[in-house]
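The block underneath contains the structure these notes are about, expressed in C-alpha cells.
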Amino acid sequence: AWYVPCLASLETLQELCRKENLTCKSIGITNRSLKSYEVEYLCDYKVEEGKAYYLVKWKGWPESSNTWEPQKHLNCPLLLQNFLRDKNEYLSRGRESKAMKVRNHVKTLKPAVADYIVKKAKQRIALQRWKEELNRKKNHKAMILVENTVDLEGPPLDFYYINEYKPAPGINVLNGITTGCECADCPAEKCCPKEAGFILAYNKRKKLKIQPGLPIYECNSYCRCGPDCPNRIVQKGTPYSLCIFRTNNGRGWGVKTLQKIKTNSFVMEYVGEVITSEEAERRGQLYDNQGNTYLFDLDYDSDEFTVDAARYGNVSHFVNHSCDPNLQVFNVFIDNLDLRLPRIALFSTRTIKAGEELTFDYQMKGSIDLTSDSAEGLSPSKKRIRTVCKCGAMCCRGYLN
C-alpha cells in the first residue's frame, strides 16, 4: 500500500469532519466530541446594550461556525490577554486613532483592527505548531523556541528541518570507517586526532583550544571510549536552547541564544543538502536573484562539494551574517575521514550573553589565518550579485560578499 504524509493540519481535518458530520477516532472526532466546543482564538469585539461580546473561532470548527459570545461565557484568560495585546499593538503603530466608535449605540472594532487581530492569532498558532515540529525533529536535548513580535510573517513554507547532511544522489557522506581508537581514557598517544596528524581540539573543560583553520578530529562510532569522552563534542548536537526570532531591521529571521555561552564553546552545526559544485553554481544563479545566501563550499581539501541549506537545514539556516561575528567556523571529521566532505561546526569566539543574536561571517575574513592552505575552505560560495550587508557592525564592509 502507498502511504503519503497528509499536509492538512489536525484542525483542518477536524473541521472537515464536523462540516460533513463525520466521526474519525484517529483525529479525535467521536460521536461524543462531534459537538464539543473549545475556543481557538477571538476574532472581534462589540458592545450591545451594555454587554461585551466576542466573536469566537471554535477549535476544529470552520469559520462559518463562528459565534458571538458574552464575555462571561468565556473561560480563556490567555486568549483574552492575547486579543487585548494585539489590539493595543495595532493601535500603538498609529494605524488607527481609535479602537471603538459609536454607531447606533453599538461599539465595535474597526474592520482593520479585527482583521489584524485574526491574522496575529493565526500566526501565533502557526508558529506554535512550527516550534513543536522543530522540537520533534531535533536530535539534541536543548529546546528550540520561535518568536515574532515584528510583523505577520509565519513559518517558512519551503523549509525542512534535518539534523545531518542530506546527500544528493551519488554522494556518500559516510565513507564506511571501520576502526577507532583503543583509548580507555582519551586522549592517548594513538587517539583519533594524533592518528590524523593533529592535536586534540579540546581542553579539559571541553572548550576549543586550536586556532581557526585547523581541523577537528573527534572520536567515532568505532572508538572504544564512551559517550563522556572529552573528544566527543560536535556529535552530541547543540547544547544550548536557542530561539528563532524575527529581526526588526529587515534581515528576516535570526537566531539568539537563551543561555550564556562561554568563549570557544560548540554552538551548532551547519547542515543542508550536499551537492556538487556544478549544481551549486546552477542554484547560485537562482539564489542570487532572490538575495539568498545559503550555499557553503566544502573546499577544505578540494572544491567538489557544497552544502545548500536553502530548503533543508537546522537552526543554522536562520543564523545571520555579521562583519563582527560571535561564531567561528571549523571543519570537523568524525565518521567520515574524506577530506572533501568535512562537517561544519560553529564555535563561539567570545562570551555570548543570554538573549544575544548569534552571527557568523559569511566570508570568515579577519578571524581566520588566511595564510593557511585550508582557510579558503571555510568561506561560503562566491556570489555574482553583491548583497548589501545590514549587520550594523562598526567594521561593516557594506556587503555580504
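The values are calculated or read from the model by the stated rules, or taken from the named source; none is laboratory data. None of the values given here were measured: they were computed from a predicted structure. Quick reminder, even Gly has a Cβ in these numbers, built from the backbone with ideal geometry, and neighbours come from all protein chains shown. Note: accessible area is taken over every heavy atom of the protein model, side chains too, but ligands, DNA and RNA are not part of it. Shrake-Rupley method; radii C 1.70, N 1.55, O 1.52, S 1.80 Å.
May I ask you to list the residues in segment 191-220 that are out of contact with any Leu (no Cβ under 9 Å at 6 or more places or on another chain) and outside any loop (DSSP other than H, G, I, E, B)? Explain how you work it out, then say what you get.
Keep residues of segment 191-220 that are out of contact with any Leu (no Cβ under 9 Å at 6 or more places or on another chain), which gives 195, 197, 200, 203-208, 211, 214, 218-219.
Hits for segment 191-220 are Glu195, Leu208.
I need the full set of residues from segment 339-358 which are surrounded by 22 or more Cβ atoms within 10 Å (Cβ to Cβ) and in a strand (DSSP E or B), in order please.
Arg343, Ile344, Ala345, Leu346, Phe347, Ser348, Ile352
Can you pull out every residue in segment 132-190 that is closer than 24 Å to Ser241 by Cβ, assigned to a loop (DSSP other than H, G, I, E, B), open to solvent by less than 80 Å² (accessible area, probe 1.4 Å) and among the aliphatic types (A, V, I, L, M)?
Selection gives Ala142, Val150, Ile162.
Report yes if Leu127 is assigned by the TED database to the domain that holds Gln259 and either in a loop (DSSP other than H, G, I, E, B) or modelled with pLDDT of 95 or more (or both), otherwise no.
no
Among the residues of segment 315-324, are any in contact with a strand residue (DSSP E or B) (Cβ under 9 Å, 6 or more places away or on another chain), under 23 Å from Val234 (Cα atoms), modelled with pLDDT under 95 and not in a loop (DSSP other than H, G, I, E, B)?
yes
Given Leu208, Leu258, Leu242, which one is in the same structural domain as Tyr294 (by the TED database), under 25 Å from Leu174 (Cβ atoms) and at pLDDT 95 or above? Can you show your working first?
Values: Leu258 fails: under 25 Å from Leu174 (Cβ atoms); Leu242 fails: under 25 Å from Leu174 (Cβ atoms).
Among Leu208, Leu258, Leu242, only Leu208 is in the same structural domain as Tyr294 (by the TED database), under 25 Å from Leu174 (Cβ atoms) and at pLDDT 95 or above.
Residues in segment 287-328 that are of a type in the set (D, E, K, R) and either crowded, with 23+ Cβ neighbours inside 10 Å or under 18 Å from the mean Cα position of the chain (by Cα) (or both): how many?
Filtering segment 287-328 for residues of a type in the set (D, E, K, R) gives 288, 297, 299, 301, 303-304, 308, 311, 324.
From what is left, the residues that are either crowded, with 23+ Cβ neighbours inside 10 Å or under 18 Å from the mean Cα position of the chain (by Cα) (or both) are 308, 311.
Going through segment 287-328 one residue at a time, the tally reaches 2.
Report those strands (runs of 3 or more DSSP E) wholly inside segment 1-91 carrying at least 1 residues which are open to solvent by less than 60 Å² (accessible area, probe 1.4 Å), farther than 23 Å from Arg129 by Cα and touching a residue at least 24 places away in the same chain (Cβ under 8 Å).
So the answer is 39-48, 51-58.
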